[in-house]
Amino acid sequence: ADNRVFLVKHSYVHGWYLPGGGVEVGESFIESLRRELEEEGRIELTSEPVLHGIFHNSHVSPRDHVAVYVVRNYRQDRLPEPNREIVACGFFDPAALPEETTPGTRLRISEVLEGRPPPATWR
């Protein structure tokens with residue numbers, strides 16, 4: 001909403017990231033997206049998200065792929081309290097992202113906002 005970006009800061013890695021996580025066995029990408037948004041941001045989708053791209057992320061594993069969706073319609077009653085996994089989260093103006101926002105996260109945000117097609121690999 002308002003072209004702001006929801007980011008999370010994990011307890012176990014440095015930097016600010018888009019929310020997300022692994023797809024569980026038997027789960028679709030959309031089911032995983034719904035679960036991760038709820039767990040990490042108390043965010044409930046109110047319409048279908050738009051797929052921005054699927055990226056091969058060889059930095060993590062030769063088999064790792066990341067699906068990035070754009071969510072514009074949602075409900076959130078409040079920001080979640082920090083926990084063992086997510087120590088901070090919030091909505092940010094893309095022109096004023098936290099200094100520690102990761103390069104890959106910055107690239108995905110700029111692709112979406114500038115309408116650029118995504119590359120095949122996560123950089």
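The values are calculated or read from the model by the stated rules, or taken from the named source; none is laboratory data. Just so you know, these numbers come straight off a predicted model, no measurement behind them. Cβ sites come from the backbone with ideal geometry, for glycine too, and all protein chains shown count toward neighbours.
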Please specify each residue of region 18-36 satisfying the condition of being surrounded by 12 or more Cβ atoms within 10 Å (Cβ to Cβ) and either modelled with pLDDT under 95 or more than 16 Å from Arg84 (Cα to Cα) (or both).
-> Leu18, Gly20, Gly21, Val23, Glu27, Phe29, Ile30, Glu31, Ser32, Leu33, Arg34, Arg35
Checking Val68 against (1) more than 12 Å from Phe6 (Cα to Cα); (2) at pLDDT below 95, which test does it fail?
-> (2)
For Val68: the one exception among (1) in contact with a helix residue (DSSP H, G or I) (Cβ under 6 Å, 6 or more places away or on another chain); (2) assigned to a loop (DSSP other than H, G, I, E, B) | (2)
Tally of residues being assigned to a helix (DSSP H, G or I), within 16 Å of Gly20 (Cα to Cα) and polar (S, T, N, Q) across region 76-118 = 1
Just need a number here: residues in region 58-115 that are farther than 16 Å from Val8 by Cβ, touching a residue at least 24 places away in the same chain (Cβ under 8 Å) and acidic (Asp, Glu).
-> 3
Single residue of region 37-47 satisfying the filter (in contact (Cβ under 8 Å) with a residue 12 or more places away in the chain and of a type outside the set (S, T, N, Q)) that is surrounded by the fewest Cβ atoms within 10 Å (Cβ to Cβ) = Glu44
Close pairs from region 1-18: first under 11 Å from Phe91 (Cα atoms) and in contact (Cβ under 8 Å) with a residue 24 or more places away in the chain, partner surrounded by 16 or more Cβ atoms within 10 Å (Cβ to Cβ) and of a type in the set (Val, Ile, Thr), Cβ under 6 Å, at least 6 apart | Val5/Ile109; Val8/Ile86; Leu18/Thr105
